[in-house]
Ligand code: NAD
Ligand code: UDP
């Protein structure tokens, strides 16, 4: 239901045509807000937002956040940045520019408008963590010159900028450290593990496990993530974060491959491929702070989320074998 004009917020979502951004927009519109989606469609797709085409409270601007933007809004969610290792390593200089220059432009906008701004940061700021599970107080173990550095260091620098705008200009900031998130609308070819495995299983192709498959990740369903982001935005100005958002249940990548085969009913084989450079060995969020400050914890377990995602790909590509 649309809210009355005086109660409506006008919310900017950068990266809104992407995977998480498009779900965030669905929820913000459902709450009755107006939404301005800004995206250069590098990894996002119009199909993720086309169901809002006839909604008068929704607008889309094709724009690159490395270029300044002059709009009038009440809140900003800054999600613009490719998130899959394959995509962010495709043009690493542009990835750093998107994180750093994009943050400067969006923080400049928030400063002019005196509005709240939330940054989609990442568990990658912890690099290949030595401390496990990772609390927000951990400073991380990041290679500054490797293939993943454009993303990791770009996001770290963005966090620095957010806290400097807070200290220097009194801006109301929220820094969310997002851990691996999955669900419908992940690009089927973006190379991330959940989409890769499901697509491979549905096509009857071998599932490609990198390394020995003993590295771990913890997977949060996208609707849980969106709920966490919105709750965080609604906190008072003392809550700046950083706050970890993610599912604290940890899986080996090998076990994820096996679950995917079981849930799809696929007879695909598992094959072993080379582990990419600097691939973190373990990753799991400590979400004590999110529980305390946001009263938030993920609700959907992995299998339920995988089933919803499998169903999404089956509907999108009905021609696949399985
Ligand atoms: P995504 O690639 O689906 O979405 C990113 C969106 O940003 C895309 O629509 C893309 O076109 C857009 N974009 C990229 N560069 C841009 C630019 N210069 N100007 C304007 N738009 C640009 O990825 P996602 O998984 O939805 O991730 C969204 C945000 O959450 C990212 O900032 C990412 O770093 C962060 N994050 C995601 C995860 C995850 O597991 N999905 C984990 C940690 C952090
Ligand atoms: N991975 C894999 N097979 C794939 C894609 C990824 O084994 O087809 C592994 C990857 O090496 C990493 C984990 O799965 O250890 C998660 O990879 P993803 O790219 O999804 O995200 P990351 O957490 O590394 O950013």
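Points to keep in mind about this one:
- Odd one out for residue 168 among (1) more than 19 Å from the chain's Cα centre (by Cα); (2) over 19 Å from residue 116 (Cα atoms): (2)
- Filter pass, residue 56 being outside any helix (DSSP H, G or I), out of contact with any helix residue (DSSP H, G or I) (no Cβ under 9 Å at 6 or more places or on another chain) and either under 15 Å from residue 187 (Cβ atoms) or modelled with pLDDT of 95 or more (or both): yes
- In the set (1) more than 8 Å from ligand 1 (Cβ to nearest atom); (2) surrounded by fewer than 19 Cβ atoms within 10 Å (Cβ to Cβ); (3) closer than 27 Å to residue 193 by Cα, the condition left unmet by residue 25 is number (2).
- Count of the stretch 255-286 residues which are more than 16 Å from residue 191 (Cα to Cα), exposed (fewer than 13 other Cβ atoms within 10 Å of the Cβ) and either without any contact (Cβ under 8 Å) to a residue 40 or more places away in the chain or in contact with a strand residue (DSSP E or B) (Cβ under 7 Å, 6 or more places away or on another chain) (or both): 1
- Test: residue in the stretch 134-145 that is assigned to a helix (DSSP H, G or I), away from ligand 2 (no atom under 16 Å from the Cβ) and in contact (Cβ under 8 Å) with a residue 60 or more places away in the chain: no
- The stretch 218-228, residues that are under 17 Å from residue 260 (Cα atoms) and buried (at least 22 other Cβ atoms within 10 Å of the Cβ): 219, 220, 221
- The residue of the stretch 290-300 that is nearest to ligand 2 (Cβ to nearest atom), among those that are surrounded by 12 or more Cβ atoms within 10 Å (Cβ to Cβ) and outside any loop (DSSP other than H, G, I, E, B), is 290.
- The residues of the stretch 60-83 that are within 8 Å of ligand 1 (Cβ to nearest atom) and in contact with a strand residue (DSSP E or B) (Cβ under 6 Å, 6 or more places away or on another chain), listed by number, are 63, 65, 78, 79, 80.
- Residues located in the stretch 67-83, provided they are within 12 Å of residue 42 (Cβ to Cβ) and either surrounded by fewer than 18 Cβ atoms within 10 Å (Cβ to Cβ) or within 15 Å of ligand 2 (Cβ to nearest atom) (or both): 81, 82, 83
- If you go through the stretch 36-50 and keep only what is assigned to a helix (DSSP H, G or I) and either buried (at least 24 other Cβ atoms within 10 Å of the Cβ) or within 9 Å of ligand 1 (Cβ to nearest atom) (or both), you end up with just 48.
- Filter result (at positive phi and within 11 Å of ligand 2 (Cβ to nearest atom)) within the stretch 177-198: 191
- Residue among 182, 163 that is away from ligand 1 (no atom under 14 Å from the Cβ) and in contact with a strand residue (DSSP E or B) (Cβ under 8 Å, 6 or more places away or on another chain): 163
- Residue within the stretch 84-105 that is in contact (Cβ under 8 Å) with a residue 60 or more places away in the chain, touching a strand residue (DSSP E or B) at 6+ places or on another chain (Cβ under 8 Å) and buried (at least 21 other Cβ atoms within 10 Å of the Cβ) present: yes
The values are calculated or read from the model by the stated rules, or taken from the named source; none is laboratory data. The model shown is predicted, which means the values in this text are computed figures rather than measured ones. Counting neighbours? That spans all protein chains shown, and the Cβs are built from the backbone with ideal geometry, glycine included.
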